[in-house]
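The values are calculated or read from the model by the stated rules, or taken from the named source; none is laboratory data. Worth saying up front: this structure is predicted, and the values here are computed from it rather than measured. Here the Cβ positions follow ideal geometry from the backbone for every residue, glycine too, while neighbour counts run over all protein chains shown. Side chains are part of the model used for accessible areas, which takes the heavy atoms of the whole protein and leaves out ligands, DNA and RNA. Shrake-Rupley method; radii C 1.70, N 1.55, O 1.52, S 1.80 Å.
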Amino acid sequence: MTSITENIISNGGFEDNDDGWGVGFGSSNGIEVINTDAITGNSIKINAGNSAQQSISLSQEQGAQQNIIKISGHSKLYDAPAVLPAENDYSIYVDVTFTDNTNMWGVTASFCGSGDWESASTYLQVPEGKTISSVSVHLMYINTDSGYALFDDVSITVFAPYPMEISSDNAFDGSDIASTGHHNDCFLASDTDYGTYSLNDVEAEKSYLEKDTKYTSIGGETCALNSPRSD
């Protein structure tokens, strides 16, 4: 895919302390930039019940219809509660506003809470006939009263439109799309497999994946029990 913008987030690695970030949920006392544990340099510490937030305006080129938006980052959970928060409550959570003043709520890259540094990412494609005007990014660790989460290297990258579906016409042509399989790293762990699918249209994304993996490999692992799906 051709990148239009490498990272539209300001200070996603927190090397400039908390510049560009404000309080989403909770209070300023619940957020702190630290240098004792990070992917590189600094990370941001989010105490239980808090989130850090950043609003970003997109240019017409960045927000154009059919562009592909990748949301990604790293997190590490300390002193995890006995019951982990719901997947959206421990995530990189993005609300999207379009130029016609409609919204897409809750595009999430969710974390499992393994206790190690873990990465999460998700994609959205700007719908036909729509243009994104802005996004609101939240680094969430809410609806729990214990532990804290570190976040680092948070990014939103914008790519130009790219043929996303595979068919008999291009399945064996040696292209990248013909050689790319699917890995589900939280299979059956929640209704969205912890962010493998977005909350907005799970069934449509499963239908796409069914077609996409007709000619390519699919595999994965789970990260949590989720009865009855995981029974």
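So what's the Cα pair-distance distribution over the range 69-157, bin width 10 Å, in %? Going out from 0 Å in 10 Å bins, the range 69-157 shows 17, 46, 25, 10, 1 percent. Taken per residue, the accessible surface of the range 1-156 reaches 43 Å², heavy atoms only and a 1.4 Å probe.
Helices in the chain, meaning DSSP H runs of at least 4 residues, each add -39500 (n - 2.57). Divided by all residues, the mean residue ellipticity at 222 nm is -1500 deg cm²/dmol. Counted by Cβ distance under 15 Å from Leu188, the other residues give a net charge of -4, where Lys and Arg count +1 and Asp and Glu count -1.
When the chain is modelled as a GNM with alpha-carbon springs shorter than 10 Å, which of Gly24, Gly147, Gly174 fluctuates the most? With Cα springs under 10 Å in the chain, the top fluctuation among Gly24, Gly147, Gly174 is at Gly174. Straight-distance candidates among the lysines for linking to Lys76, with alpha-carbon spacing under 28 Å and chain neighbours fewer than 8 residues away dropped: Lys45. Given R0 = 30 Å, the distance between the Cβ atoms of Ser230 and Gln125 translates into a calculated FRET efficiency of 0.55.
Here the Gaussian network model covers the chain, with springs between Cα atoms less than 10 Å apart; of Val94, Val154, Val83, Val83 fluctuates the most.
Compared with the dominant Cα axis of the chain, that is its longest principal axis, helix 202-212 is turned about 50°.
A straight Cα-to-Cα reach below 16 Å connects Lys206 with the lysines Lys214, residues fewer than 8 places away in its own chain not being considered. Charge dipole of the chain (Cα centre as origin; +1 on each Lys and Arg Cβ, -1 on each Asp and Glu Cβ, all else neutral): 200 debye, rounded to the nearest 20.
Working from Cα pairs under 8 Å separated by at least six residues, relative contact order for the range 84-217 is 27 percent. Over the chain, Cα pairs under 8 Å with separation of 6+ residues give a relative contact order of 25 percent. List the longest stretch of the chain that has no exposed loop site; here a site is one of the trypsin sites (Lys or Arg not before Pro) assigned by DSSP to anything other than H, G, I, E or B, with at most 13 other Cβ within 10 Å. It runs 1-213. The GluC sites (Glu not before Pro) found in the range 142-231 that occupy coil by DSSP, while having at most 11 further C-beta atoms within 10 Å, are Glu165, Glu221. On a per residue basis, the convex hull of the C-alpha atoms belonging to the chain measures out at 133 Å³.
For the range 1-106, the share of accessible area belonging to carbon and sulfur comes to 43 percent (1.4 Å probe, ligands and nucleic acids excluded). For the range 123-231, the Cα-based Rg and Dmax, in that order, read 17.0, 53 Å.
The GNM of the chain, with springs linking C-alpha atoms under 10 angstrom apart, assigns the highest mean-square fluctuation among Asp212, Asp145, Asp169 to Asp169.
The alpha carbon centroids of the range 111-144 and the range 58-92 are separated by 2 Å.
Each other residue within a Cβ distance under 15 Å of Ile132 adds +1 if Lys or Arg and -1 if Asp or Glu, for a net charge of -2.
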